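I have placed the structure first, in the form of structure tokens, so that the comments after it can refer back to it.
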Amino acid sequence: MTDTVKNTLLFVVVFTLIIISGFFQGWNNAMFTLNMGIISAIMALGVNLQWGYAGLFNVGIMGFVALGGLAAVLVGMPATPGAFSAGGVGVVLALLLGVGTVVAAAFTYKRMLKGRNRNLVVTVILVFGFFAFRALLDPNVALIEAVNPAATGYLGGLNPYSVETYRENRWIMLIAWPIGGMFAAGAAWLIGKAALGLRSDYLAIATLGIAEIIIAIMKNEDWLSRGVKNVNALPRPVPFEVDLQSSAAFVERAAALGFDPVEGSTIFVKLLYALLFAAVLGILFWLSQRALNSPWGRMLRAIRDNEVAAEAMGKDVTARHLQVFILGSAICGIAGAMMTTLDGQLTPGTYQPLRFTFLIWVMVIVGGSGSNLGSILGGFLIWFLWVQVEPIGLFIMDIITSGMAEDSWLRAHLIDSAAQMRLMTMGVIMILVLRFSPRGLIPEK
């Protein structure tokens, strides 16, 4: 069996499983699985760019995904009436003061001679700059968060439409996706300048810690993204179900296909999302393949395999690592903006390392580290299993315990354990793949 035939069969099996789930669990569920599978595949592509191409062990993926989601809010939502006039200017000045403090400390550190005086001056600049920053920021933040706190309580976004009509501006969310990538790329540049000189295990610790800091800021800075109160009702690049259900032509077409208006509209909207997401995935896959097969891609793999030899050949290892770290993070940011658009809301409390870091790494490892096609396959397969294992496990447990008494402690324990089958299944899959196909289902050539 040739590689092409084997790879095709693997994708056919995965998509067949999604179709089968549509027959048993409804097409709404199948379309949701497909859409999230595409988004997961894009995240896996970004991580594969960093790890598969350059060997960078980044476990701060959720931070870059969250920044993409934040970009969707800041671009897609309208400005909160009265919020910027209340404290927006003060917040901007405080942020500029914070940046200026860091720049002044860095400039002083470089200009002064090494010694006690330099350390003292830099410390004084940072301490006084911090207190001045907080003294300017805090009162203005309080003014912004006091503006209609039940409904808004934050600055809002850049959507030029009014609060009443902003959801009619559908195409602005397509602009938010690349801006989400830019947000993640900017954060990656800052992180990379500080952390890429570290050894791989220290790089992992640093990226995880910085990702947690990003999530903590999003949860606690209400003026920026409403914190844990969440931002709802984002605009979307596809029609709303209610609008479709009020269209006589759509209702007639849905009835001809055997769907009621509610189910038909939901499926149609998710189908449109799938087409948009698939187009983005196709573009990113094509670009990734071009990069992989270019001299730049071959240089990255040479650095990954032997940094000392690459440096001896005159390659700037740190600069190339920074490049690929930024590009991979940008792809994760794009995926984060797409996911927030699909959800229609930003919920900072849902960004967890298990879902947005560990699971993405499982997708890359199972699919095939260094293989773009393998990362896409891993994204679809692992997401499908992540979604389906729990209901399948509950179904199996119901069959196993069908002969037990209703009040049996063993029956209750087995049924409750079905919720934990996700984690067990991910572990078993990784063990099997690493044992029988250690380079992944579609290995790097």
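What the table below lists for this structure:
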read-out	value
The stretch 371-445 - percent relative contact order, Cα under 8 Å, separation 6 or more	46
Nitroxide proxy distance, nm - points 7 Å out along Cα→Cβ at Met404 and Tyr109	5.9
For the stretch 212-357, alpha-carbon Rg relative to the globular expectation (2.2 N^0.38 Å, N residues)	1.50
Square roots of 5 times each gyration tensor eigenvalue, C-alpha, the stretch 5-75, largest first, Å	28, 20, 8
Local electrostatic count, Tyr154, Cβ distance below 11 Å [Lys/Arg +1, Asp/Glu -1]	-1
The stretch 203-290 - percent relative contact order, Cα under 8 Å, separation 6 or more	16
Neighbour-count ranking [beta-carbon atoms within 10 angstrom, fewest first] of Phe64, Phe325, Phe250, Phe128	Phe128, Phe250, Phe325, Phe64
Proximal lysine pairs, the chain, alpha carbons under 27 Å, eight or more residues apart or interchain	9
Candidates Trp286, Trp27, Trp361: whichever shows maximal mean-square fluctuation once the chain is modelled as a Gaussian network with Cα springs under 10 Å	Trp286
Lys/Arg +1, Asp/Glu -1 at C-beta; the chain dipole; positive extreme among Phe277, Gly115, Pro149	Gly115
When the convex hull of its Cα atoms is projected in every direction, mean area for the stretch 173-217 (nm²)	3.6
Least to most buried among Ile334, Ile365, Ile175 (fewest other Cβ within 10 Å first)	Ile175, Ile365, Ile334
The chain: relative contact order in percent, alpha carbon pairs under 8 Å with at least 6 residues between	30
Per-residue Cβ neighbour rank within 10 angstrom, fewest leading, Leu434, Leu327	Leu434, Leu327
Helix-only [θ]222 nm of the chain, DSSP H runs n ≥ 4, -39500 (n - 2.57) each, per residue, nearest 500	-24500 deg cm²/dmol
Under 5 Å, built H, 5+ apart or other chain: amide partners of Val231	Leu346
Dipole-positive endmost among Gln50, Ile392, Phe268 within the chain (Cβ charges, Cα centre)	Gln50
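A short reminder: the numbers here are calculations on the coordinates, not readings from a lab. Quick caveat: nothing in here was measured; it's all calculated off a predicted structure. Glycine also receives a Cβ, built like all others from the backbone with ideal geometry; neighbour counts cover every protein chain displayed.
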